[in-house]
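Participant: After the structure tokens below, expect a handful of questions from me.
The values are calculated or read from the model by the stated rules, or taken from the named source; none is laboratory data. The structure presented is a predicted model; accordingly, all values stated were derived computationally and were not measured. Don't worry about glycine lacking a Cβ; one is built from the backbone with ideal geometry, like all the others, and counts go over all protein chains shown.
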Amino acid sequence: MPQPPSASLQRDASIQLESEPTAALLAWAEAVEAGEGTLFEKARLLATRLGAHVRPDGLVEIGFWTPELSGDVIQPKNIQLEVFTPRQTIDPSLAEQTVRFHRDYLQLEKWGDYHWGVISGLRVGDATTIGSLYWLRYLSPDTNAVTALGDCLGNSFPYGVYAPAEIYDLEGLQARRADRAYYDALIADEPVTIPAPCNILQLHVRTASPNGYLSGLTQLYRKLAAKLRCGEALTPAETNLIGYEAVQLLPTEPTVEVRSGQGGDDDHFSLRPDDEDVLDPEIEGIVAEAGDVRVRLRRPNLENWGYDIVIFGSAATNPALLETLRPDELVAFISELHTFPTGPIRVVYDLVYGHADNQAIDLLNGRFLKGPNMYGQDVNHQNPEVRAILLEMQRRKVNTGADGIRIDGGQDFKYFDPITGRVAYDDPYLLSMGDLVQEIGPARWRPFVIYEDGRPWPAEGWEEVSSYRDLVEQRPDAFQWGPMIFAHNTPALHGFWARKWRRVCEKMQLGSRWVTGCGNHDTLRRGTQVDPGEPINPHLGSTLPEVLANAYDNGAIGALTYGFGPGLPMDFIHCLMRAPWGFFRNTDDRFGVKVVAEEAPGFLDWQLSDALYAADGLFQAIKQLGFAELAQLRQFLALLTGSIAANDYDLEQIALACQVGVPTGDDGTTAVVDVAWLKAFARHFMEDMHAACNIWLHADRVDPVQAGFNLALREFRRSRPWLAENLSNDERLDLLTTPSTTIFYGMRRAPEPEASTVALVAHMGGAAMALGLPELFPEQAGPWRLLLASPGLEPSAAQLAGREPILFQDSQALLLEPG
């Protein structure tokens, strides 16, 4: 049942448009329009004042880009700013509550394709209080329906992107952040470029945080910091979090939401039908009467891996990541990392601007989108206003304090060039994303830039054709995801590393500007898509989950990545924790059943054991549907997958076909499978899957020896920064391969004056092999000194002296230096 709010709030001063400040704002906009510069340059300036801005005098500037309301088709009286100011305290912890708001209306000034206004009386949100909520409402001349038009540049959306945005004091947020000293150190005459880290840890907030929110990550790092300051020992799981110079968050922007219509069970902000805006036929206008209304608020419980974004609201933080629904949580997390006792940990944002989910059609005006693609919609970066607004979204997002950006899917930024008649890549836009200057107080900086770009993906053969260098060749100070970390890698397959030898050689020769490694959110998911009937490397484990875990948390790959090869290493916390991971979302009512049919079989095969499925607290909703055992669930999913293929996603026919696959309950009855049941099954599975992916449920799976070795590799890399550079002419990496075994071995030499040497021997997969060091390194006559050995490998003095061979098992590696 909805819970009542705890306290009443005094009503603020009356909300009204201030004529003189509004006139000054319009005069500024007119001056921009009349000034010199291209359409795009003018749009860039205008975009800086779109959205809601709290002024030092307490007034609030609001600007909307409204090309869909241009012309004189809609009467000005039928375009209203609707404001909801809470009259009662909102408890962000409640799943559902009904709150009394005071609703006000006022009319902004229309100026061309824009609406502007400076307003007094608005309540400004802060760290503890939700402020006034606002959106535009207009009367559609086509349908006579009253339509909401949200602020795509809103600072805060506590109840999701389909609810009004919040008036929020960003300047106050910046003033009270705990890491101001970090930014004070950046103050200079010119913007500072943040240097790239030596390694990155990739985190998905909801499954890496103990409580599922950014606040949980902040508390976790605060606990780690306290332990380190006191010299207290860390647990193996905690060890996996330290030794990194940067943390990269999977996208934190708002994602798609379940949509069932205004007032539906899934709406996060819904008025009573009697309080909805309606058309008065006598005056042909919106009935706009100020007064109190009751709004049902439902806390956004959105579970998504992060990449199903809608572009709208991308300057804000996904409210599902905020325990308090306050933007302060993101800044508090960044501040905790910037003040970490071992040195500042930089923060990298993962930005998705190359595509949008189809829900963007409902949220953005038509100029933002070009048409459908495999993800949903192509984004129209060529429109000057859209281009300007997207860059402004990015600037505001990163201005929360990020040190670096990862730009997702660079190959998706394409357009048709009418001059050449060909599709071209919008490299100027991609490069401009790295040119933006961020500001906190007097500090100005440019984040370091990472591009993910696999062009000509998705063309046939792209894996072999892509150079993975298209953007770093144009921007030499940037990084690009290299071939060893891109989405198509499957190291669980027998002979994988021998087949990738050409790419490994490219990494050694050209990889200094590549993000490298093997495990990330894409590759781990790709590992679950491997057909178990393919030739799996049996030396990685006796079960598929063991094989997958050992393939992505692998001593030999770690030694190659951190101890020998060039580039910028990145790890994914789920790989280190050996925790389940997959493509989950509980936000798709239309295709949810199909997504589950595609994702679930591989997830069950590669990520779950019978014991893990049977564990108390996991997969509770699915078990309540009758699937008490994992075998029953696998059998039903096989039936579901076949039914979808046979019935062209006709859910009614699929439901009939799947009836026979539902287990009989203890009482002898069987659930009736209809479309509603299928959709409920899909949502329950995704939510159970999401819960099972939280890494802290699997902390006991972390081997302390393996975690210690991984940390030692990170420290090894940090103490030898020269390893990040490409191999020189007197350095080498060689391949020794048989039909059953793959060995990499090589030697690197530090530049003068250090002149140290590192040698690598790594068993990359297959049957055990005995190797003598003199045969691998005939140029080294004397003995070797052990620098690092992967777990289970302990070479003797005789072996290091070359008198006896060393038996290498799958995934074992040595890092050596001349003795």
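Participant: In the set 45, 26, which member is in contact with a strand residue (DSSP E or B) (Cβ under 7 Å, 6 or more places away or on another chain) and among the hydrophobic types (A, V, I, L, M, F, W, C)? I'd like the intermediate steps shown before the answer.
Facilitator: On the way: 45 fails: in contact with a strand residue (DSSP E or B) (Cβ under 7 Å, 6 or more places away or on another chain).
Matching residue, one of 45, 26: 26.
Participant: Can you tell me how many residues in the range 488-525 are under 11 Å from residue 551 (Cβ atoms) and not in a loop (DSSP other than H, G, I, E, B)?
Facilitator: Within the range 488-525, residues that are under 11 Å from residue 551 (Cβ atoms) and not in a loop (DSSP other than H, G, I, E, B) number 5.
Participant: Another one. Taking only the range 702-734 into account, find how many residues are closer than 29 Å to residue 752 by Cβ and either among the charged types (D, E, K, R) or not in a loop (DSSP other than H, G, I, E, B) (or both).
Facilitator: 18
Participant: Of all residues being charged (D, E, K, R) and more than 16 Å from residue 347 (Cα to Cα) in the range 198-242, which is surrounded by the most Cβ atoms within 10 Å (Cβ to Cβ)? Just the residue, please.
Facilitator: Pass one, the range 198-242, residues charged (D, E, K, R): 206, 222-223, 227, 229, 232, 238.
Then drop every residue that is not more than 16 Å from residue 347 (Cα to Cα), which leaves 206, 223, 227, 229, 232, 238.
Numbers: 206: 25, 223: 14, 227: 16, 229: 10, 232: 10, 238: 17.
Across the range 198-242, the extreme among qualifying residues is 206.
Participant: Looking at the range 292-349, which of the residues that are part of a loop (DSSP other than H, G, I, E, B) and of a type in the set (D, E, K, R) is surrounded by the fewest Cβ atoms within 10 Å (Cβ to Cβ)?
Facilitator: Per the criteria, the residue is 323.
Participant: Right, another one. Identify the single condition in (1) touching a Lys or Arg at 6+ places or on another chain (Cβ under 6 Å); (2) without any contact (Cβ under 8 Å) to a residue 60 or more places away in the chain that residue 146 does not satisfy, given that it satisfies every other one.
Facilitator: Of the numbered conditions (1) touching a Lys or Arg at 6+ places or on another chain (Cβ under 6 Å); (2) without any contact (Cβ under 8 Å) to a residue 60 or more places away in the chain, the odd one out for residue 146 is (2).
Participant: What pairs come up if the first residue lies in the range 715-736 and is within 30 Å of residue 239 (Cα to Cα) and surrounded by fewer than 19 Cβ atoms within 10 Å (Cβ to Cβ), the second is at pLDDT 95 or above and charged (D, E, K, R), and their beta carbons are under 8 Å apart, counting only those six or more places apart or on different chains?
Facilitator: 718/245
Participant: Does residue 803 meet the test of being over 23 Å from residue 198 (Cα atoms), outside any strand (DSSP E or B) and not aliphatic (A, V, I, L, M)?
Facilitator: Spelling it out, residue 803 is indeed over 23 Å from residue 198 (Cα atoms), outside any strand (DSSP E or B) and not aliphatic (A, V, I, L, M).
Participant: Continuing with the same structure: If a residue has to be within 13 Å of residue 104 (Cβ to Cβ) and either in contact with a Cys (Cβ under 6 Å, 6 or more places away or on another chain) or assigned to a strand (DSSP E or B) (or both) to count, how many in the range 117-145 make the cut? Steps first, please.
Facilitator: First, pick out the residues of the range 117-145 that are within 13 Å of residue 104 (Cβ to Cβ): 117, 119-123, 132-135, 137.
Filter again for either in contact with a Cys (Cβ under 6 Å, 6 or more places away or on another chain) or assigned to a strand (DSSP E or B) (or both), leaving 117, 119-120, 133-135, 137.
Final tally of qualifying residues: 7.
Participant: Does residue 493 fit the bill of being more than 26 Å from residue 578 (Cα to Cα) and buried (at least 18 other Cβ atoms within 10 Å of the Cβ)?
Facilitator: Taking the combined requirement at face value, the residue does not satisfy it.
Participant: For the range 665-679, what are the residues that are in contact (Cβ under 8 Å) with a residue 24 or more places away in the chain and part of a helix (DSSP H, G or I)?
Facilitator: Once the filter is applied, which keeps residues that are in contact (Cβ under 8 Å) with a residue 24 or more places away in the chain and part of a helix (DSSP H, G or I), the range 665-679 yields 675, 678, 679.
Participant: If you don't mind, there's one more thing I want to ask. Across the range 377-392, what is the total count of residues that are buried (at least 19 other Cβ atoms within 10 Å of the Cβ) and in a loop (DSSP other than H, G, I, E, B)?
Facilitator: 2
Participant: Please pick out the residue among 171, 96 that is under 30 Å from residue 446 (Cβ atoms), surrounded by fewer than 22 Cβ atoms within 10 Å (Cβ to Cβ) and of a type in the set (D, E, K, R).
Facilitator: 171
Participant: May I pose another question? Only one residue in 674, 648 is farther than 30 Å from residue 547 by Cβ and within 33 Å of the chain's Cα centre (by Cα), so which one is that?
Facilitator: That would be 648, the only listed residue that is farther than 30 Å from residue 547 by Cβ and within 33 Å of the chain's Cα centre (by Cα).
Participant: Confirm whether residue 631 is part of a helix (DSSP H, G or I), in the same structural domain as residue 681 (by TED's automatic domain parsing) and over 30 Å from the mean Cα position of the chain (by Cα).
Facilitator: Answer is yes for this residue.
Participant: How many residues does the range 393-433 hold that are part of a loop (DSSP other than H, G, I, E, B) and surrounded by fewer than 20 Cβ atoms within 10 Å (Cβ to Cβ)?
Facilitator: The total comes to 7.
Participant: Next question. Which is more than 35 Å from the chain's Cα centre (by Cα) and either part of a loop (DSSP other than H, G, I, E, B) or modelled with pLDDT under 95 (or both), of 775, 754?
Facilitator: Criteria check complete, one pass: 754.
Participant: Quick one: which helices (runs of 4 or more DSSP H) lie wholly within the range 193-239 and hold at least 1 residues that are over 16 Å from residue 305 (Cα atoms) and basic (Lys, Arg)?
Facilitator: 214-230
Participant: Then there is this: Only residues that are in contact (Cβ under 8 Å) with a residue 24 or more places away in the chain, surrounded by fewer than 18 Cβ atoms within 10 Å (Cβ to Cβ) and among the aliphatic types (A, V, I, L, M): list them for the range 788-817, please.
Facilitator: Residue satisfying the conditions is 807 alone.
Participant: Among the residues of the range 99-128, which ones are among the β-branched types (Val, Ile, Thr) and surrounded by fewer than 16 Cβ atoms within 10 Å (Cβ to Cβ)?
Facilitator: First, the residues of the range 99-128 that are among the β-branched types (Val, Ile, Thr): 99, 118-119, 124, 128.
Matches in the range 99-128: 128 only.
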